[in-house]
Structure formats: C-alpha cells, structure tokens
Amino acid sequence: MITLINAKNNLGITVVPAKDYATTEGMVEINLIALKTGATRRKQVVAVDLPALATLGPCVRAGELVFPSGLLPVGADGAVPMAGQAAAFDAVALAGQVQGALLMSYAEAACKAVGVTMRNVVRAQYFMTDMREFAGVAAAWSDRYGKAPHPFSSIQVPGPLPPSGAVVTADFWIYAG
C-alpha cells in the first residue's frame, strides 16, 4: 500500500496491491479522496505523535473528516511486532492482534489530536495478506473498546506488505465534526 499526498486538493491516494481485484488483469487498486476546486472545506495537515515509519503520509483533515494516511504496524524502534514469531502463532492470529492493536493506538493518537475518541471512527479498513489474521484484529478491537461497533472492512491483498513482516496495514476515517 502506498499513500501519496501531493496534489493541491488531494486528501490522499492509497494504492494497494490487488491481484485480480476488479479485472483479471488488474494488479493495483487506487482509492482517491479529494476536494474539488472551490470547495468550502479546506485541507489541513494535523500533527499526530507517531513514529516516522508508522505512516505513509500526513494525517489530513477536510472539514469534519480526518484521514490518517496509511498506518503501518511499526513501533518506535522501527520493527514490526511479532514479525519473527508470526508463523509460530498463526493458529491464534497473534500477529494480527498485536499489529492491529498497534494500528489502533495510532488511530487513537489521530483522534486525540483532533479532540475526539475512537467512537468517532466511521471506517476502519484493514489490508491483510491472510484473512485469518483478522480474528486477531477483531480481538484487539474488543480488548480495547469492548462491544463498541467496529466499522470495518477487511481486504486480503497479495503480500508482502510494507514493511517486511507486517500482516496488516490500515486506513481509518474519523468524524471530527
């Protein structure tokens, strides 16, 4: 997954490896969110305290919506948690749980930066190399937020994901109206 923030009104482009996603020859999905010229909403970069390697771009606010760019499960040390042990615990999706919890902590930091909580997440989209790891991501959500609704979509993509050892990356949309 690659997120680019470089066009004047662009809020983010997420490029995800996606073999046979929409067409038999398709190799890439491109998801674009942009403000049209003359829009009343303005793009604002939001400062979020995250490790430098944990995001593919800045956190961007447009009116009432906040888009933390492509979140990656990388700790402050630059390492992906459970990267070396994932295979030994694949039956319980431990890598998905640990990496998902880290991604949620990054989304929490974005929420905090705009003065809301994770109850304001309107979309959590997870890109996974093995859909079985979603059980761990779902467990991480339940551990953190109990029975709060989990507005997710989960998509299996061909690996490997950046960074090496990641089993999941994520995009969140946050309502900060």
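So here's what we get for this one:
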{"item": "Rounded to whole Hz, the Karplus (6.51, -1.76, 1.60) HN-Hα couplings of region 111-121, x for glycine and proline", "result": "4, 4, 5, 10, x, 10, 10, 5, 5, 8, 6"}
{"item": "Other-chain or far-sequence residues with amide H under 5 Å of SER154's (modelled H)", "result": "TYR126"}
{"item": "Highest-first arrangement of 91-100, 133-142, where packing means the average Cβ count within 10 Å", "result": "91-100, 133-142"}
{"item": "For THR55, residues with placed amide H under 5 Å, excluding near neighbours", "result": "LEU72"}
{"item": "Most to least packed among 44-50, 110-116, 143-149, 170-176 [average Cβ atoms within 10 Å]", "result": "170-176, 110-116, 44-50, 143-149"}
{"item": "Rounded to whole Hz, the Karplus (6.51, -1.76, 1.60) HN-Hα couplings of region 162-167, x for glycine and proline", "result": "x, x, 4, x, 6, 9"}
{"item": "Theoretical FRET efficiency, 1/(1+(r/R0)^6), r = Cβ-Cβ of LYS147 and ASP49, R0 41 Å, to 0.05", "result": "0.90"}
{"item": "Residues whose placed amide H lies under 5 Å from that of GLY63, excluding near-sequence neighbours", "result": "ARG42"}
{"item": "Shape call, region 41-175: gyration tensor on alpha carbons, a/c limit 1.5", "result": "prolate"}
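The numbers here are math on the coordinates, done by the rules we state, and not lab data. From a predicted model like this one, the values you see are computed outputs, not experimental measurements. Cβ sites come from the backbone with ideal geometry, for glycine too, and all protein chains shown count toward neighbours.
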